[in-house]
Amino acid sequence: MIGRPDPHFATHDVGTPADVNGHPVQPELTFRQMVDGISALVAVLTPDGAVEFVNRQVLDYFGKTLEELKAWTSTDAVHPEDRAAAIAVWTRSVETGQPYDIELRQRRADGVYRWFHVQGLPVRDAEGHIIRWCVLQTDIEDRKHAEAAQRETERELRQSEQHLRLVVETIPAQVARSTAQGRLEYVNRRVVDYLGKELGEIGIRALHPDDRHARGMKWRHAWKTGEPWEDTFRLRRADGAYRWFYGRSEPVLDPGGRVVCWYSVSIDINDTREMEEILRSTRRKLSAVMQVATVAELSASIAHEINQPLASVVTNAHAAQTWLSHDPPNLARAQATLERIVRDGHSAADVVSRIRALFKEAAPVKALVDMNQIVAEVLRVLSDELRDNTIILETDLEADLPMVEADHVHIQQTLINLVHNAAEAMHGVTDRAKALLVRSRRQGGELLIQVRDRGVGIQDVTVIFEPFFTTKESGMGMGLAICRSIVEAHGGRIWATANEDAGMTFSFTLPVPR
């Protein structure tokens with residue numbers, strides 16, 4: 001019940017209130033209107049803590065009568081978890097006369113608990129005795145939610161920072177942050193462990209002396225332009241050994257585009273560099289081995305190619321003798337025969353000089369050549385081998401092919417290898433005709449040459465161009481590797497595909513000059 005307030009509280013030193021027209025106004029009504037107009041919950045308690053008066057907001061919030069609220073310590077008006085603390089704080093305030101201040105949850109009429117900031121101030125008489133307690137209860141539920149959300153955000157931020165720090169510290173790379181001017185501000189643990197120095201001790205002496213100038217030039221350029229930069233350099237380990245690193249630095253820019261700081265990541269590539277050097281050394285050795293192996297792999301075809309003009313020289317020499325022994329001598333026929341001898345001698349010498357140049361790693365002697373003519377020459381050289389092995393030879397040569405710039409002997413030798421391999425692939429084939437097709441075509445800006453056989457084939461076509469790979473008992477596995485080197489040196493491509501019916505097709509291209 002809301003009764004008349006105590007005269008000492010309601011009218012003490014107040015006088016008789018009046019309205020704007022001077023008419024008397026009841027003090028009780030004026031006080032009630034005042035406190036009912038406050039948005040917070042207001043209550044007046046006796047000196048010993050009994051509820052004496054509440055404003056309308058209290059009754060509306062709790063949905064209880066004044067009489068019910070007087071027993072607040074034993075009802076569900078205060079959350080059970082907060083009730084003991086509220087009673088303890090209130091008891092202490094009554095005993096000491098100190099203001100009452102606590103945050104607690106109070107039950108709304110619909111059963112929902114909301115947080116309130118409760119403040120109790122003592123009202124004293126002229127002698128200083130407490131005659132009332134004025135209690136103000138402010139709803140802080142939204143603030144609590146905001147604080148909880150903020151705490152959750154801060155917790156997640158701390159977890160994110162901890163996770164990020166853990167990532168930075170455990171990532172298999174050296175991480176550093178420096179100022180816009182390049183002064184180190186942070187390094188992760190890997191940097192400290194590798195260099196054996198703490199942040200303040202790290203300086204340019206950690207760099208290999210031969211790398212300092214070049215790295216300094218790159219840094220100065222990045223500092224002037226604000227652009228990311230990268231470098232490979234050597235760092236001195238704590239034990240004095242130098243290892244190669246690849247480093248990249250990225251700037252952090254402010255809204256105005258100015259560099260705030262630099263973040264750098266350095267990855268140890270020493271093992272990779274060593275493997276690359278070993279690979280280069282192996283390639284050099286392999287190249288030398290390939291040159292030596294070329295003699296064994298190509299000796300038969302080279303001998304055949306040289307024997308052809310030499311045999312022709314001998315035959316023509318005998319013919320010249322015959323023409324000259326006639327009475328009278330047939331000088332015209334002898335002259336023509338001698339010209340063929342000179343031609344064949346130059347041809348043999350040219351083959352020898354080109355082979356010598358190949359073994360000396362000399363650059364290819366390129367000139368405009370007719371691929372169809374080279375195909376014809378190769379098939380003529382190998383005609384005996386193909387005939388002896390009962391191989392049916394077919395050609396599909398496109399007419400009016402453009403000339404290509406190539407080393408005549410090298411391309412000729414490539415074709416000899418491919419045709420010779422095709423012939424050997426058909427040794428032992430008895431269930432089908434042994435047929436070999438040589439085709440030439442123009443495809444865009446390239447000439448395509450194909451050698452197709454009906455031999456036994458091979459399942460894995462990706463390894464047949466690798467050095468030392470062979471399916472022959474006596475082979476060295478260098479022929480196709482050499483073919484690839486020659487074709488690629490001419491700017492072309494070479495590959496192999498398995499035929500649908502039987503055998504393989506070897507193809508290579510050469511670029512057509514513009």
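(1) over 20 Å from the mean Cα position of the chain (by Cα); (2) over 18 Å from Tyr194 (Cα atoms): which one isn't true of Asp231, the others all being true?
(1)
For the range 136-193, enumerate the residues that are in contact (Cβ under 8 Å) with a residue 60 or more places away in the chain, polar (S, T, N, Q) and in contact with a helix residue (DSSP H, G or I) (Cβ under 9 Å, 6 or more places away or on another chain).
Across the range 136-193, the qualifying residues are Gln137, Gln174.
Provide a single number: the residues in the range 77-94 that are acidic (Asp, Glu) and either closer than 14 Å to Gln137 by Cβ or at pLDDT below 85 (or both).
Here is the first cut: in the range 77-94, the ones acidic (Asp, Glu) are 81-82.
Then drop every residue that is not either closer than 14 Å to Gln137 by Cβ or at pLDDT below 85 (or both), which leaves 82.
Total satisfying the criteria: 1.
Scan the range 389-398 and tell me whether some residue there is in a helix (DSSP H, G or I), assigned by TED's automatic domain parsing to the domain that holds Gly503 and either small (Gly, Ala, Ser) or modelled with pLDDT of 85 or more (or both). Even if it seems obvious, please write down each step before you answer.
The first filter runs over the range 389-398 and keeps only residues in a helix (DSSP H, G or I), leaving none.
No, the range 389-398 has no match at all.
So which strands (runs of 3 or more DSSP E) stay within the range 135-254 end to end and still have 1 or more residues that are among the charged types (D, E, K, R) and modelled with pLDDT under 90?
Details: elements: 174-179, 184-187, 229-236, 242-253.
Passing ranges: none, list empty.
Checking Arg452 against (1) in contact with a strand residue (DSSP E or B) (Cβ under 8 Å, 6 or more places away or on another chain); (2) assigned to a helix (DSSP H, G or I); (3) at pLDDT 85 or above, which single condition isn't satisfied?
(2)
If Leu253 satisfies all but one of (1) out of contact with any Ser or Thr (no Cβ under 7 Å at 6 or more places or on another chain); (2) of a type outside the set (D, E, K, R); (3) closer than 18 Å to Tyr194 by Cα, what's the number of the condition it fails?
(3)
Looking at the range 186-196, is at least one residue out of contact with any Pro (no Cβ under 8 Å at 6 or more places or on another chain), exposed (fewer than 11 other Cβ atoms within 10 Å of the Cβ) and of a type in the set (Gly, Ala, Ser)?
Looking for residues that are out of contact with any Pro (no Cβ under 8 Å at 6 or more places or on another chain), exposed (fewer than 11 other Cβ atoms within 10 Å of the Cβ) and of a type in the set (Gly, Ala, Ser), one finds none in the range 186-196, hence no.
Among the residues of the range 203-212, is any within 22 Å of Arg165 (Cβ to Cβ), touching a residue at least 24 places away in the same chain (Cβ under 8 Å), buried (at least 17 other Cβ atoms within 10 Å of the Cβ) and touching a helix residue (DSSP H, G or I) at 6+ places or on another chain (Cβ under 6 Å)? Lay out the reasoning, then the answer.
Initially, the range 203-212 is screened for residues within 22 Å of Arg165 (Cβ to Cβ), giving none.
Checked the range 203-212: no residue is within 22 Å of Arg165 (Cβ to Cβ), touching a residue at least 24 places away in the same chain (Cβ under 8 Å), buried (at least 17 other Cβ atoms within 10 Å of the Cβ) and touching a helix residue (DSSP H, G or I) at 6+ places or on another chain (Cβ under 6 Å).
Which one of these does Gly196 not meet: (1) without any contact (Cβ under 8 Å) to a residue 40 or more places away in the chain; (2) at positive phi?
(1) is the only condition that Gly196 fails.
Can you find a residue that is at negative phi, assigned by TED's automatic domain parsing to the domain that holds His490, assigned to a strand (DSSP E or B) and polar (S, T, N, Q) anywhere in the range 422-442?
Looking for residues that are at negative phi, assigned by TED's automatic domain parsing to the domain that holds His490, assigned to a strand (DSSP E or B) and polar (S, T, N, Q), one finds at least one in the range 422-442, hence yes.
Do we find that Arg132 is within 23 Å of Arg32 (Cβ to Cβ) and assigned by TED's automatic domain parsing to the domain that holds Gln33 in this structure? Full working, then the answer.
Details: within 23 Å of Arg32 (Cβ to Cβ): yes; assigned by TED's automatic domain parsing to the domain that holds Gln33: yes.
Yes: the conditions hold for Arg132.
Which pairs turn up if I take residues in the range 82-93 that are over 14 Å from Trp115 (Cα atoms) and look for partners that are among the small types (Gly, Ala, Ser) and modelled with pLDDT of 90 or more with beta carbon separation below 8 Å, at least 6 apart in sequence or on another chain?
Pairs found: Trp90/Gly120; Ser93/Gly120.
Is it the case that Ala332 is out of contact with any His (no Cβ under 7 Å at 6 or more places or on another chain), farther than 22 Å from Val378 by Cα, part of a helix (DSSP H, G or I) and at pLDDT 75 or above?
Against the criterion (out of contact with any His (no Cβ under 7 Å at 6 or more places or on another chain), farther than 22 Å from Val378 by Cα, part of a helix (DSSP H, G or I) and at pLDDT 75 or above), Ala332 qualifies.
The rows are residues; the columns are (1) within 28 Å of Val352 (Cα to Cα); (2) more than 47 Å from the chain's Cα centre (by Cα).
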| site | (1), (2) |
| --- | --- |
| Val369 | yes, no |
| Glu377 | yes, yes |
| Leu386 | yes, yes |
| Ile392 | no, yes |
| Asp400 | no, yes |
| Gln412 | yes, no |
| Val419 | yes, no |
| Val429 | no, yes |
| Ala435 | no, yes |
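With the condition kept exactly as written, say whether any residue in the range 1-10 is surrounded by fewer than 18 Cβ atoms within 10 Å (Cβ to Cβ), touching a helix residue (DSSP H, G or I) at 6+ places or on another chain (Cβ under 7 Å), more than 28 Å from Gly128 (Cα to Cα) and modelled with pLDDT under 90.
Yes, that holds for at least one residue.
Those residues that are at pLDDT 75 or above and among the charged types (D, E, K, R), I need them from the range 30-76; list them, please.
Correct list: Asp36, Asp48, Glu52, Arg56, Asp60, Lys64, Glu67, Glu68, Lys70, Asp76.
Just to be sure, is Val42 surrounded by 15 or more Cβ atoms within 10 Å (Cβ to Cβ) and part of a helix (DSSP H, G or I)?
Numbers: surrounded by 15 or more Cβ atoms within 10 Å (Cβ to Cβ): yes; part of a helix (DSSP H, G or I): no.
Here the answer is no, as Val42 does not meet what is asked.
Might you let me know whether the range 419-438 holds any residue that is closer than 30 Å to Pro513 by Cβ, surrounded by fewer than 19 Cβ atoms within 10 Å (Cβ to Cβ) and modelled with pLDDT of 85 or more? So that I can check it myself, show each step before the final result.
Filtering the range 419-438 down to residues closer than 30 Å to Pro513 by Cβ leaves 419-422, 436-438.
Now drop any that are not surrounded by fewer than 19 Cβ atoms within 10 Å (Cβ to Cβ), which leaves 437.
Now restrict to residues that are modelled with pLDDT of 85 or more: 437.
The answer is yes; a qualifying residue exists.
From the list Leu415, Leu401, which one is in a loop (DSSP other than H, G, I, E, B), at pLDDT 80 or above and surrounded by 12 or more Cβ atoms within 10 Å (Cβ to Cβ)?
Working: Leu415 fails: in a loop (DSSP other than H, G, I, E, B).
Step by step, each of Leu415, Leu401 is checked, and only Leu401 is in a loop (DSSP other than H, G, I, E, B), at pLDDT 80 or above and surrounded by 12 or more Cβ atoms within 10 Å (Cβ to Cβ).
The values are calculated or read from the model by the stated rules, or taken from the named source; none is laboratory data. This one's a predicted model, so the numbers in the text were calculated from it and none came from an experiment. Reconstructed Cβ throughout: ideal geometry from the backbone, glycine too, with neighbour counts over all protein chains shown.
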